[in-house]
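The values are calculated or read from the model by the stated rules, or taken from the named source; none is laboratory data. All figures in this text were calculated on a predicted structure; none of them were measured in a lab. For neighbour counting, all protein chains shown are included, and Cβ atoms are generated from backbone atoms with ideal geometry for every residue, glycine included.
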Ligand SMILES: N[C@@H](Cc1ccc(O)cc1)C(=O)O
């Protein structure tokens, strides 16, 4: 495609007239109009028109981008671009410049091509339904847009960076996650979190419903897909901020609400405590405090205190390779935890070696191949690698206090051994 990078922009009042409108910045945190630092600079340029949410939590959006605030740096910010044509237009460029400003300040940015969303057509800012685009057309447009975005990012880096280190620029396409998505699974998992009243209240929907043409279901569901994108990028890339044209407010609010719902819905934690947890999360997102708290509260409610303790032991054993956690587990718990693992009861003869154990549990092939699997480091017992096939099992090390051994071959083949006559 030798098409020019930009084409003329002609979408209602959105991003159409640079300087007059501007980019709307939406974050998963609070913003006050008195933005400082990076955001204040962008505001002064007239690039960002509004921040959302405007009020509610104590941490302000500007602080999110502040190098000085521990744990906040760098952030990930995204903006979506639907491939309704085969080249970027000037409205896209304005949003892209918004992303570039963050990248220059050291944050990571994602330009998301809407290979899936473009099939539905965003009703925002439009009085009439878009002409449906064929799948092949959207695909080739998306390819062209991805190339265009990459080319622009490369120019920006090569011609403007002058050796400075900036954040990463990543191009993604939402068809990557919707292609694999089963419709019923999607509706069952996500659909229940969106309330009709809220979806219907969006300006884009209201305007269209009042128009003589009305609105199709595909268009109506558009905001759910965009909301899910935000959630997906939040989950996979810790992306907490979305940029978009002024017409995008409704779509982005849906995503914001979708992400924040859970602690309030699924727990009895008082609202100030939830706010506090979310505040700490901004400072130390890697601790995943809200996720852990949510898991704790829900597990306690559903499986009781015992279930919660057991789940904690399992997490320790699985994700922190904790031998202490393995040691206090019952064989039932261990079986539950390693559902795929085969279970064998073996008699511990004096002098039983690592090799004997692997063979008796049918965990390795016979002959030199099985032997080599051990020497080459493919075998561990109780989370510790064992490379000497001849070493004799030691109680307290290879055999846990509860009379069990957890044998792992390769990355994910587990065998639970219960030693008899210890
Ligand atoms: N709806 C946006 C594009 C977009 C697509 C997917 C997203 O996740 C975000 C934004 C527009 O039409 O401009």
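What to note about this one:
- Qualifying residue in region 279-290 (condition: free of Cβ contacts under 8 Å to residues at least 40 places away in the same chain, surrounded by fewer than 14 Cβ atoms within 10 Å (Cβ to Cβ), away from the ligand (no atom under 16 Å from the Cβ) and assigned to a helix (DSSP H, G or I)): yes
- Exactly one residue among 118, 95, 111 is within 16 Å of the ligand (Cβ to nearest atom), in contact with a helix residue (DSSP H, G or I) (Cβ under 6 Å, 6 or more places away or on another chain) and either outside the structural domain of residue 199 (by TED's automatic domain parsing) or in contact (Cβ under 8 Å) with a residue 60 or more places away in the chain (or both), and that residue is 111.
- Check on residue 253, within 16 Å of the ligand (Cβ to nearest atom) and either touching a residue at least 40 places away in the same chain (Cβ under 8 Å) or in a helix (DSSP H, G or I) (or both): yes
- Residues being surrounded by fewer than 16 Cβ atoms within 10 Å (Cβ to Cβ) and part of a helix (DSSP H, G or I) - total across region 301-322: 12
- Only one of the listed residues (204, 211) is within 11 Å of the ligand (Cβ to nearest atom), at pLDDT below 90 and over 16 Å from residue 173 (Cα atoms). That residue is 204.
For every residue, the table says whether it meets (1) more than 14 Å from the ligand (Cβ to nearest atom); (2) not in a loop (DSSP other than H, G, I, E, B).
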site	(1), (2)
125	no, no
140	yes, yes
146	no, yes
156	yes, yes
185	yes, yes
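- Within region 187-203, the residues that satisfy the criterion of being farther than 25 Å from residue 110 by Cα, assigned to a helix (DSSP H, G or I) and in contact (Cβ under 8 Å) with a residue 24 or more places away in the chain are 191, 193, 198, 199, 203.
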